[in-house]
Amino acid sequence: MADFNKESQILVTCPKNIAPVLAEEIKGLGFSVLNMQPAFVELKGSLTDCMKLNLWLRTAHKVLYKIAVFKASNPDQLYQIVKRINWEEFIPADGFFSVSSQVVNEHIRDTRFANLRVKDAIADRIKDKKGIRPDSGSERHGIVIFLHWKEDDASIFIDTSGETIAKHGYRKLPHKAPMQETLAAAVILTSVWKPGQNFINPMCGSGTLAIEAALIACNIAPGVFRDNFGFMHLVGFPIIEWRNLSDAAESGEKELQGRFVLSDIDPQAIEVSRKNALCAGFKWELEFEICPFEETQIPENEDGVVILNPEYGERLGEISELTETYQAIGDFFKKKCNGYTGYIFTGNADLAKKIGLRPKRKIPFYNGQIEARLLEYELYSGSRKSKYNL
């Protein structure tokens, strides 16, 4: 059976430019970061550690546990070497597995061929040892094996996540062009907002930003919404240890402090947000308003953040129609949001200029393939001197 206590290299993947946020998350869980690249963070740990990472990480896509490193110049060599791995220790003979890959090799024009060679090697090995072949396919509901093969250098990982953990499981009804949960969490963790402060989210769409902030504020692990991970299908999966991790996470949850106000001019967006919040465990803690963003309720004489994710003309709306919207956001910040920190997440730098305020920070992100920025604005109550009591 698989040794869940054996340490190896772990790669945790993430969207581009989010690695620094992910690295801080990993450190916060008690791990040491060995290496950081634009789309992954490297550390050392066990399969048991992978369970904890899958349970708690908010900005990750995959948790990959390395089981082999080798040289292979062509598909036949790949097959022979992969077949020598003790797959019967990981995959049940009557189990199900799939293979995914990232390949740069002159002999491979389609990564599906590399996947097939790995799949055949694994199935043939288990048949030789156990007498039957495990089922396999493209679905990721069972064990997932990941191949990284560049020129002659190859590595084999167990994808302990299975289905990507970028989807946190509560968003059953996405609205149009929803922000991915990992990106929303990264935006929040990059902001100055802290649990206990107000979180105001006009133009809330499907509610992802506010719900992610509420989960952080309540110390709710995003993995609690899932009942299936790749590691659960490995031979020797320690179910009692997993239950202990899950129970400990649940016992550490907190009550929501601060006000969370979500508004949108679209009644359907508010309905979707309500249902997503309910799936995340929030029955009445979040406040919902159907109104233009300018009429959003802003609690006075308090602090927190006001964050908007407006359309920016790449997938929704037209630039000319959005110019007035961005100008109105600037007016809204100046007139109604004094004392708060304002944020705009946008993929259109020209439209951002229409806000008419100078951002304190411009934090780079990617929304899919679109280069975006999180713009931070200090919205002083009175003079700058009086706010800081200098």
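The values are calculated or read from the model by the stated rules, or taken from the named source; none is laboratory data. Remember, it's a predicted structure, so these values are computed and weren't measured experimentally. Note that each Cβ is placed from the backbone with ideal geometry, even for glycine, and that neighbours are counted across all protein chains shown.
For (1) more than 28 Å from K27 (Cα to Cα); (2) at pLDDT below 95; (3) part of a strand (DSSP E or B), each residue gets a yes or a no:
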site: M51; (1), (2), (3): no, no, no
site: V63; (1), (2), (3): no, no, yes
site: D76; (1), (2), (3): yes, yes, no
site: S98; (1), (2), (3): yes, no, yes
Seminar exercise, completed: Taking region 62-82 and the residues there that are under 27 Å from the mean Cα position of the chain (by Cα) and within 20 Å of D128 (Cβ to Cβ), the one that is surrounded by the most Cβ atoms within 10 Å (Cβ to Cβ) would be I67
Problem set entry | Output for region 101-127, where each listed residue is part of a strand (DSSP E or B) and surrounded by fewer than 18 Cβ atoms within 10 Å (Cβ to Cβ) | Q102, V104
Problem set entry | Filter pass, W87 being buried (at least 17 other Cβ atoms within 10 Å of the Cβ), more than 30 Å from N17 (Cβ to Cβ) and of a type in the set (F, W, Y) | yes
For this session: Could you check how many residues of region 149-181 are under 20 Å from the mean Cα position of the chain (by Cα) and part of a loop (DSSP other than H, G, I, E, B)?
Result: 21
Seminar exercise, completed: Selection from region 33-49 of residues in a loop (DSSP other than H, G, I, E, B) and either within 19 Å of I143 (Cα to Cα) or of a type outside the set (A, V, I, L, M, F, W, C) (or both) yields P38, S46
Problem set entry | The lone exception for F146 - which of (1) surrounded by 18 or more Cβ atoms within 10 Å (Cβ to Cβ); (2) free of Cβ contacts under 8 Å to residues at least 60 places away in the same chain; (3) outside any helix (DSSP H, G or I); (4) not β-branched (V, I, T) it fails | (2)
For this session: For region 1-19, name all the residues that are of a type outside the set (A, V, I, L, M, F, W, C) and crowded, with 16+ Cβ neighbours inside 10 Å.
Result: S8, Q9, T13, P15, N17
Problem set entry | Residues being of a type in the set (A, V, I, L, M), more than 27 Å from the chain's Cα centre (by Cα) and not in a helix (DSSP H, G or I) - total across region 328-370 | 1
Problem set entry | Tally, over region 214-236, of residues that are surrounded by fewer than 18 Cβ atoms within 10 Å (Cβ to Cβ), part of a loop (DSSP other than H, G, I, E, B) and among the hydrophobic types (A, V, I, L, M, F, W, C) | 1
